[in-house]
Every structure is written in structure tokens, then in C-alpha cells.
1. Can you name every residue in the stretch 46-78 that is among the basic types (K, R), over 17 Å from R13 (Cα atoms) and in contact with a helix residue (DSSP H, G or I) (Cβ under 8 Å, 6 or more places away or on another chain)?
2. Picking from F43, F49, F24, which residue would you name as being touching a residue at least 24 places away in the same chain (Cβ under 8 Å), more than 12 Å from the chain's Cα centre (by Cα) and surrounded by 17 or more Cβ atoms within 10 Å (Cβ to Cβ)?
3. Failed condition for T15, given (1) modelled with pLDDT of 90 or more; (2) in contact with a helix residue (DSSP H, G or I) (Cβ under 9 Å, 6 or more places away or on another chain); (3) polar (S, T, N, Q), with all others met?
4. Examine the stretch 79-87 for a residue that is surrounded by 12 or more Cβ atoms within 10 Å (Cβ to Cβ) and either farther than 20 Å from R12 by Cα or of a type in the set (A, V, I, L, M) (or both), and state whether such a residue exists.
5. For V71, are the conditions met, namely being at negative phi and in contact (Cβ under 8 Å) with a residue 24 or more places away in the chain?
Amino acid sequence: MKREHSPTPIHRRTTRNIALGILFFVLGVIGILVPVMPQVIFFFLSALFFSFVSPRLRRAMRRFRQRHPKVDRAYAKWREKGRRRRLKLIRQARKLRHDVEERIDEATGHHHH
């Protein structure tokens, strides 16, 4: 009897990265066919998500960034912006959780803190 395995976070992340890589690649191809739609950014994003799954592609992307400092700076800026956005969301979620806990405490007369 075969046992079903639940996907681990790594498997889910790999699957998500492959799916996003395929999606952006398809959008890039559509961009070639439709003149008003961009294509370079979609092919770049496709390569980025595939590089999260493939060490060989990750090395090639790293070499490309080293040879093209402008691209590397833009990429670093984009990553930093995303990091700041994630940290902001985490802070907001923590504050929201704290506020909800306080309201529950007030309503029930309990205190955790």
C-alpha cells in the first residue's frame, strides 16, 4: 500500500517557483507576439524563478549580474525594496495580532502580558 506524502514547504516552494517561471516565460512569448506588451522583464522574471530551482542557472545568473553591474544594481534595489515591504507587512501583522489580543483581553477580563 502506497502512502501519500504531504508536500513539504521546500516542495511547495519549488513547485511555486517552477510555476512562476513557466508563467513569466509564457508571458514573455506573448510579449513577442503582441507588440505593445513587454517581453524582456517577463523573460528576466522567468529566469529568476527558474534560478531558484536550478543551481546551474543560478550560477549563470550570478555571472551575468557580475558582468552587467547596472542590472546587478537594479536587481539588488528590487530585492531590497521587497525585503522592506515584507518587513513592513510583518510589523503590521504583529501589531494587528497584539491589538486583537488586547481587545480579547479587555472583552474577557483576562491578561496574558
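The values are calculated or read from the model by the stated rules, or taken from the named source; none is laboratory data. Here the structure is a predicted model, which is why all the values come from computation and not from measurement. Cβ: placed from backbone, ideal geometry, glycine included. Neighbour counts: every protein chain shown.
1. The first filter runs over the stretch 46-78 and keeps only residues among the basic types (K, R), leaving 56, 58-59, 62-63, 65, 67, 70, 73, 77.
Among the residues that remain, those that are also over 17 Å from R13 (Cα atoms) are: 56, 59, 62-63, 65, 67, 70, 73, 77.
Matches in the stretch 46-78: R65 only.
2. On the way: F43 fails: touching a residue at least 24 places away in the same chain (Cβ under 8 Å); F49 fails: more than 12 Å from the chain's Cα centre (by Cα).
So the residue among F43, F49, F24 that is touching a residue at least 24 places away in the same chain (Cβ under 8 Å), more than 12 Å from the chain's Cα centre (by Cα) and surrounded by 17 or more Cβ atoms within 10 Å (Cβ to Cβ) is F24.
3. (2)
4. Initially, the stretch 79-87 is screened for residues surrounded by 12 or more Cβ atoms within 10 Å (Cβ to Cβ), giving none.
Taking every residue of the stretch 79-87 in turn, none turns out to be surrounded by 12 or more Cβ atoms within 10 Å (Cβ to Cβ) and either farther than 20 Å from R12 by Cα or of a type in the set (A, V, I, L, M) (or both).
5. On the way: at negative phi: yes; in contact (Cβ under 8 Å) with a residue 24 or more places away in the chain: no.
In short, no.
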